[in-house]
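Written below as C-alpha cells is the structure these notes are about.
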Amino acid sequence: MRIGAVRERHDLEARVGMTPDSAIQLQKLGYACLIETGAGMRAGFTDESYLAAGVSVVAESQEIYAQADVVAKVRPPLPNEIEGLTPGKTLISFFHPAQNGGLLEQARAKGVNVIAMDMVPRISRAQKMDALSSMANVAGYRAVIEAGNNFGRFFTGQVTAAGKVPPAKVLVIGAGVAGLAAIGTATALGAITYAFDVRPEVAEQIESMGAEFVFLDFKGEGQGGAATGGYAAPSSPEFREKQLAKFRELAQQIDIVITTALIPGRDAPKLWLSDMVAAMKPGSVIVDLAAERGGNCELTVADQKIISDNGVTVIGYTDFPSRMAAQSSALYATNIRHMMADLTPARDGKLVHNMEDDVIRGATVAFEGAITCPPPPPKVQ
Ligand code: NAD
C-alpha cells in the first residue's frame with residue numbers, strides 16, 4: 001500500500017506529516033511513500049531529502065489523494081481534500097471531531113476512514129502516538145523562547161562589571177504537558193520559576209522541574225480543582241477568588257507569565273485579569289497558550305501580539321508548534337509512523353484497521369461509513 005503526505009494549505013501551518021526519517025521507517029513497514037512537492041519546505045525538509053529517503057515526490061496534491069491509500073497530514077482536511085479521497089481510504093491528521101461535525105459527516109458519507117491524532121487515548125501504551133503531548137511539549141518550550149525574545153532582559157541573574165542583573169521571575173499557570181515544558185525551559189534559562197495548577201498532584205512534578213509550587217491556603221478539598229481522569233474541572237467560586245487574589249499579589253513582582261490552563265470541552269478560564277496586567281511592570285511579557293480557546297488573560301487577542309497601556313506585551317499566538325516546524329514535524333511524523341506500525345501488525349505494507357484495539361478504536365472517528373466517536377471507554381489503562 002502507499003502512504004502520502006500533502007502540503008498544508010493553512011497560512012499559519014509550516015509543519016508536515018511525513019519527514020524523510022519517518023518515511024524510511026514507513027518503508028520498513030512495507031509502505032511506498034509519496035509526498036507533494038514542497039510539502040516539507042517550511043519545516044526545512046527539501047524535496048531532495050525526501051527523494052534521498054526513497055520517497056516519490058509528486059507535483060500535485062490531487063495525485064497524492066488519487067494514488068495513496070493512506071494520507072497523512074497535520075491540520076484537519078479542507079472539504080475539497082476529503083472529496084479527493086475515495087471510499088476505503090484512510091486519512092490521518094488532527095481532526096477535532098467535536099468542533100468539525102460537518103467535516104466528519106462528509107468523511108463518513110464519502111466512506112473515508114479517519115484517524116484523529118487528537119483522539120489518541122492518553123494511556124501509557126499510546127504515549128508514542130500522543131501527538132497532543134508532543135505538540136504541547138514544543139508549545140511550552142516555544143512560549144518561553146517567545147517570551148525571552150520579547151523581554152528586554154536576561155532570564156538568569158548575573159553579577160558583572162557593568163552591574164548586577166536580577167534573575168527574571170516567571171509564573172507558569174497550568175502545569176500539564178505544555179506548562180511543565182515551559183517550567184523546564186524557564187528554569188534551564190536561569191529564571192526563578194513559580195507554577196500554579198488546580199490539580200495538587202502536580203506539585204511534585206513542578207518541584208522536580210526546579211520551580212516553586214504556588215500553594216493556596218484553601219480550606220476546601222485539595223488545591224480546589226476537581227479533576228477527572230487527570231484533567232481539571234471548573235473551580236468553585238470561592239477557590240477562584242483565592243486564586244485570583246494570589247495572582248494579584250504576584251502580579252507586581254512577576255516579569256513573565258505563561259498561561260496554559262485548560263478545562264476539557266470548555267472555553268479557557270480567565271485567570272490573568274486586566275487589573276493584574278495593569279499591576280505588572282512595563283516590559284513584562286504574557287504568553288497565553290490558551291489563546292485558541294479564548295485565552296487565560298483578559299487582554300489576549302488570538303494570533304496577535306499586543307502591548308498594553310502600561311507596556312506589557314501580551315502574546316496570543318495559536319501556532320506555537322508551527323513556529324518550530326522542523327522539531328514539531330519530526331515529533332509529529334514519528335507519532336504517525338508509530339500509529340502506522342500498530343495498524344500494520346505483519347509489517348507487510350497492509351493496513352489492518354483493528355477496531356478491537358483500544359488505541360486504534362479511540363482514535364478512529366469515522367470508519368466504513370459510520371461515525372465512530374466518541375469511542376467507548378478504553379478497556380486497558
Ligand atoms: P490541559 O491542556 O487539559 O490543561 C493544562 C493544565 O491546566 C492542566 O494541568 C490543568 O490542571 C490546568 N488547569 C485547568 N484549570 C486551571 C486553573 N483554573 N488554574 C490553574 N491551572 C488550571 O492538560 P494536558 O497537558 O493535556 O494534561 C492533562 C492531564 O493528562 C495531565 O494529568 C497529564 O499528566 C495527563 N497526560 C497523560 C498522558 C499519558 O498518560 N499518556 C499523556 C499526556 C497527558
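We did not get these values from a lab; they are worked out from the coordinates using the rules stated. What you see is a predicted model; the values in this text were computed from it and never measured. No Cβ is skipped: glycine too gets one built from the backbone with ideal geometry, and neighbour counts run over all protein chains shown.
Below are the figures for this structure:
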item: Scaled radius of gyration (Cα, divided by 2.2 N^0.38 Å) that the chain gives; result: 1.06
item: Distance between modelled label sites at Glu368 and Met355, nm, 7 Å Cα→Cβ extension; result: 0.5
item: Sites Ser56 and Leu78, calculated FRET efficiency, Cβ-Cβ separation with R0 25 Å, nearest 0.05; result: 0.60
item: Ranked list, fewest to most other Cβ atoms within 10 Å of each Cβ, for Phe154, Phe196; result: Phe154, Phe196
item: Net charge over other residues, Cβ less than 10 angstrom from the Cβ of Gly316 (K, R count +1; D, E count -1); result: -2
item: Calculated FRET value between Ile24 and Glu105, using beta carbons and R₀ = 30 Å, to 0.05; result: 0.25
item: Per-residue ³J(HN,Hα) for the range 58-68, Karplus 6.51 cos²θ - 1.76 cosθ + 1.60, θ = phi - 60°, Hz, x for Gly and Pro; result: 10, 6, 10, 4, 4, 5, 5, 4, 6, 8, 7
item: Separation in nanometres of the label points that stand 7 Å from Cα toward Cβ, at Asp217 and Ile123; result: 4.4
item: Most fluctuating residue given options Gly40, Gly17, Gly311, as computed from a GNM of the chain linking Cα atoms under 10 Å; result: Gly311
item: Length-normalised contact order of the range 51-143 in % [C-alpha pairs under 8 Å, at least 6 apart]; result: 21
item: Contour excess over end-to-end distance, with Cα ends at Asn310 and His10 and 0.36 nm allotted per residue; result: 104.6 nm
item: Magnitude of the charge dipole, the chain, Cβ model with Lys/Arg +1 and Asp/Glu -1, debye to 20; result: 320
item: Set of lysines near Lys89 by C-alpha distance (under 26 Å), chain-local residues within fewer than 8 positions excluded; result: Lys28, Lys73, Lys110, Lys128, Lys350
item: Neighbour-count order for Ile82, Ile183, fewest beta carbons within 10 angstrom listed first; result: Ile82, Ile183
item: Angle between the chain longest axis and helix 177-188 axis [Cα atoms, degrees, rounded to 10]; result: 60
item: Prolate/oblate/rounded label for the range 36-155 (Cα gyration tensor, a/c 1.5); result: oblate
item: Considering only the range 56-215, percent of DSSP beta bridges that pair antiparallel, nearest 5; result: 20
item: Exposed GluC sites (Glu not before Pro) absent: longest stretch of the chain, with sites in DSSP loops and at most 16 other Cβ within 10 Å deemed exposed; result: 61-220
item: The range 7-84 and the range 158-172: distance between their alpha carbon centers, rounded to Å; result: 45
item: Antiparallel %, DSSP beta bridges [both residues in the chain], to 5; result: 25
item: Acute angle (nearest 10 degrees) that the helix 237-251 long axis makes with the longest principal axis of the chain, alpha-carbon atoms; result: 70
item: Gain upon complete extension [Ala162, Ala302; 0.36 nm per residue less C-alpha separation]; result: 46.5 nm
item: Under 13 Å, Cβ to Cβ, from Gln252 - net charge with Lys/Arg +1 and Asp/Glu -1; result: +1
item: Cα long-axis angle, helix 325-342 against the chain (0 to 90 degrees, to the nearest 10); result: 50
item: Net charge of neighbours whose Cβ lies under 12 Å from the Cβ of Lys305, counting Lys and Arg as +1 and Asp and Glu as -1; result: -3
